Amino acid sequence: MADQLDTLLDEGRRFPPSAEFAANAVATQALYDAAARDRLAFWEEQARALDWMTPWTRVLDWKAPHARWFDGGQLNVAANCLDRHLSGPRRNKAAIIWEGEPGDRRVYTYWALAREVGRAANALKRLGVRKGDRVAIYLPMVPEAAIAMLACARIGAVHSVVFGGFSAESLRDRIQDATATVLITADGGYRRGQVLPLKRIADEAVADCPSIRHVVVVRRGHGGEGDESFAEMTEGRDHWWHRLLDKESPHCPPEAMDSEDLLFILYTSGTTGKPKGIVHSSGGYLTQAAATTKYVFDLREEDIFWCTADVGWVTGHSYVVYGPLANGATVLMYEGAPDWPERDRFWKLIARHGVTVFYTAPTAIRAFMKWGTSHPAAHDLSTLRLLGSVGEPINPEAWMWYHEHVGRGNCPIVDTWWQTETGGIMITALPGVTTTKPGSATTPFPGISVELVDTTGKPMAKGGGFLTLTEPWPGMLRTIYGDDARYQETYWSRFPGRYFAGDGAKVDDDGYWWLLGRVDDVLNVAGHRIGTMEVESALVDHPSVAEAAVVGKAHELKGQAIAAFVTVKEGVKPSAELRDDLREHVARKIGAIAKPDDILFSADLPKTRSGKIMRRLLKDIAEGRALGDTTTLADPNVVARLKEMYEDKE
């Protein structure tokens, strides 16, 4: 047992697709059959759905750990997202429906979006940006973010999008690593009624970035050009976005890009040291992003597709911009928070815009649970026909709440596992084909080769172990920018010949995959290796609990004891009785070995700006250590309050 992870949680509920949904589904069993017969031929067929300027000569050139997909082929990603939709009925179809936090709205048809991207591309060329140059994008969730990304793709520049909530230090580090020559930012951006002074933050970052020659500023509308509190312009370096574009032609010929030419760099936090610049190429990435969007989300011509992610994260790259637009979909973009000005903002947006496909994170779903059922119940959500989950494992009870209170029992749920590094969805249900289980990501997407191994790297048919990928896939990262040795060490050294990025998983008797979280979060309690996700799911299963995070703390007898940080639902009062009840509830659900030794009630948990719980900091608190790096937290005050509470408890 020492070579494996103990798996204790059992889930018996099943949700087969309805006969009606299955009869009309975009995906069929034939996709799995085709991929099983010939994996490379399957991916080649998906690539043929794109427009190529030059056909490829070889589907895959694999010299582990480096892959070249559709080698010799040339295409342009922006042309695939725009130009090919302009000659038919999609020309006047809405490409982006945008709503700002204050309620302002804009709609771009494919025709209008293509013209705006052409102007932006020409403006970048006028500023001296050439094929292969890096452009940093630091914007709120406004249409100009997608336009800037597509403009870079059109001329062959490499974009590096930095989430608009990051600090000047984080922005500086990413600009420096990529040696970006242009920064595109805004005067400000809205978040929960406050205005983030993005230009001021950008100026602080750029002061230490000698590679930056130009800063382009989108006017979000905070007092206009004369409001120096938001946008103090440096003459010669800084330019207003709208003024640059006004001078340009909407026609910009798309650059022919080799399939393996860089499309973007996206930085993800390393466990130590500087962020990792994840490199994605053009042809393989777009093939996987487009195919997974089409089949995982059962995409129809009339859909209104809303992925709630910010474009600062890979989910926003693949499922707000590139995947949906390559398929000619209508995308909803929203700038603000889900609870501003009221906690029903998301449900208002769905009802107002007639959203049909909704893709969000478990952390948001658990927040909705905490706020109660009255908010979704007050709105007409009848247009929804498919729900998705992304970002981290979803607890079975959060899955059920999503199913019942958002989907009203009528919408299939696709729980998706993938990473910044994979570029696109890797494990997921296919709606209309897959019987789903609450909390399980189900099975690999067709053409994806996933295998469970124990600590020695020995393959396991089922049980708890480590999730590895055994064959290259089109959307995979090509390297870490400027540091290929780190790429090989980080992803390919633990299990030679296999990609491993740190996730634990279990496979059940039906071959379904259950993500257990990162293995650095695995608890070792009296010789039992227990995934944090299972204990957290048992806690969230309790009717009083909205969210839970579990860490291990040093224990002289057991090796590690379990410490749980719990957020209760509104109207529930924390108490010693509830603490005892929760401990017993965990014991009933998964066994006495998993009973938390400590339970601390908290109104909030420390999360990154993408919504992931920072268990590393909770572990620091539980073991009484000085807190580690808190710069990526959405609210650093949360962890300070928790530390104070935990110390008082001791």
| task | Working only within region 382-398, note down all residues that are surrounded by fewer than 21 Cβ atoms within 10 Å (Cβ to Cβ) and over 22 Å from Glu11 (Cα atoms). | result | Ser382, Thr383, Arg385
| said: Looking at region 379-394, can you tell me whether even one residue there is closer than 13 Å to Val540 by Cβ and not charged (D, E, K, R)? | reply: yes
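So how many residues does region 536-551 have that are of a type outside the set (A, V, I, L, M) and either in contact with a Gly (Cβ under 7 Å, 6 or more places away or on another chain) or buried (at least 23 other Cβ atoms within 10 Å of the Cβ) (or both)? Steps first, please.
Going through region 536-551, the residues of a type outside the set (A, V, I, L, M) turn out to be 536-537, 541-544, 547.
This time we only want the ones that are either in contact with a Gly (Cβ under 7 Å, 6 or more places away or on another chain) or buried (at least 23 other Cβ atoms within 10 Å of the Cβ) (or both), so: 536-537, 547.
Selection size over region 536-551: 3.
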| query | For region 282-294, which residues satisfy the criterion of being part of a helix (DSSP H, G or I), crowded, with 24+ Cβ neighbours inside 10 Å and in contact (Cβ under 8 Å) with a residue 40 or more places away in the chain? | reply | Gly283, Gly284, Tyr285, Leu286, Thr287, Gln288, Ala289, Ala290, Ala291, Thr292
| query | List the pairs whose first member sits in region 39-68 and is under 14 Å from Pro446 (Cα atoms), whose second member is among the small types (Gly, Ala, Ser), and whose Cβ atoms are under 6 Å apart, counting only residues at least 6 apart or on separate chains? | reply | Arg39/Gly447; Phe42/Ala34; Phe42/Ala35; Phe42/Gly447; Trp43/Gly447; Gln46/Ala291
| query | Taking the condition closer than 22 Å to Lys612 by Cα and either out of contact with any helix residue (DSSP H, G or I) (no Cβ under 7 Å at 6 or more places or on another chain) or buried (at least 22 other Cβ atoms within 10 Å of the Cβ) (or both), does Ile350 pass? | reply | no
| field | Condition check for Ile394: in a loop (DSSP other than H, G, I, E, B), among the β-branched types (Val, Ile, Thr), without any contact (Cβ under 8 Å) to a residue 60 or more places away in the chain and not assigned by TED's automatic domain parsing to the domain that holds Leu286 | value | yes
| query | From the list Val311, Val279, which residue is under 22 Å from Tyr138 (Cα atoms), in a strand (DSSP E or B), touching a residue at least 40 places away in the same chain (Cβ under 8 Å) and touching a strand residue (DSSP E or B) at 6+ places or on another chain (Cβ under 9 Å)? | reply | Val279
| Hey, among the residues in region 18-63 that are more than 22 Å from Pro472 (Cβ to Cβ) and of a type in the set (Asp, Glu), which one's nearest to the chain's Cα centre (by Cα)? | Asp51
| For region 76-99, does any single residue satisfy the condition of being under 24 Å from the mean Cα position of the chain (by Cα), closer than 29 Å to Lys348 by Cβ and of a type outside the set (A, V, I, L, M, F, W, C)? | yes
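Residues are listed down the side, and each one gets a yes or a no for (1) within 30 Å of Phe42 (Cβ to Cβ); (2) exposed (fewer than 13 other Cβ atoms within 10 Å of the Cβ):
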| residue | (1), (2) |
| --- | --- |
| Pro55 | yes, yes |
| Asp61 | yes, no |
| Phe70 | yes, no |
| Leu75 | yes, no |
| Cys81 | yes, no |
| Arg90 | yes, no |
| Glu99 | no, no |
| Thr109 | no, no |
| Ala112 | no, no |
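Here's the yes/no breakdown for (1) farther than 21 Å from Val279 by Cβ; (2) within 22 Å of the chain's Cα centre (by Cα); (3) modelled with pLDDT of 95 or more:
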site	(1), (2), (3)
Pro459	yes, no, yes
Met476	no, yes, yes
Thr479	no, yes, yes
His528	yes, no, no
| query | Among the residues of region 117-141, which ones are buried (at least 19 other Cβ atoms within 10 Å of the Cβ), charged (D, E, K, R) and part of a helix (DSSP H, G or I)? | reply | Arg119
| remark: When Phe368 is run through (1) in contact (Cβ under 8 Å) with a residue 40 or more places away in the chain; (2) farther than 22 Å from Pro324 by Cβ; (3) surrounded by 24 or more Cβ atoms within 10 Å (Cβ to Cβ); (4) of a type outside the set (S, T, N, Q), the failure sits at (1)
| note | Filtering helices (runs of 4 or more DSSP H) wholly in region 321-378 for at least 1 residues that are assigned by TED's automatic domain parsing to the domain that holds Gly439 and under 19 Å from Arg300 (Cβ atoms) gives 323-326
| note | Only unsatisfied item for Gly103, checking (1) closer than 29 Å to Pro55 by Cβ; (2) part of a loop (DSSP other than H, G, I, E, B), is (1)
| note | Checked region 478-500 for anything of a type in the set (S, T, N, Q) and in contact with a Pro (Cβ under 8 Å, 6 or more places away or on another chain); matches are Gln488
| said: For region 456-513, which positions are small (Gly, Ala, Ser), outside any loop (DSSP other than H, G, I, E, B) and buried (at least 21 other Cβ atoms within 10 Å of the Cβ)? | reply: Gly464, Gly465, Gly504, Ala505
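What strands (runs of 3 or more DSSP E), lying completely within region 183-259, carry at least 3 residues that are modelled with pLDDT of 95 or more, within 23 Å of Ala112 (Cα to Cα) and assigned by TED's automatic domain parsing to the domain that holds Met53?
In region 183-259, 214-218 are the strands (runs of 3 or more DSSP E) which contain 3 or more residues that are modelled with pLDDT of 95 or more, within 23 Å of Ala112 (Cα to Cα) and assigned by TED's automatic domain parsing to the domain that holds Met53.
So, Met149, is that one over 26 Å from the mean Cα position of the chain (by Cα) and hydrophobic (A, V, I, L, M, F, W, C) or not?
no
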| message | Which of the numbered conditions does Ile599 fail, given that it passes all the others? Conditions: (1) buried (at least 19 other Cβ atoms within 10 Å of the Cβ); (2) touching a Phe, Trp or Tyr at 6+ places or on another chain (Cβ under 9 Å); (3) farther than 15 Å from Ile562 by Cβ. | response | (3)
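The values are calculated or read from the model by the stated rules, or taken from the named source; none is laboratory data. Quick caveat: nothing in here was measured; it's all calculated off a predicted structure. Neighbour counts are summed over all protein chains in view; Cβ atoms, including those assigned to glycine, are modelled from backbone coordinates with ideal geometry.
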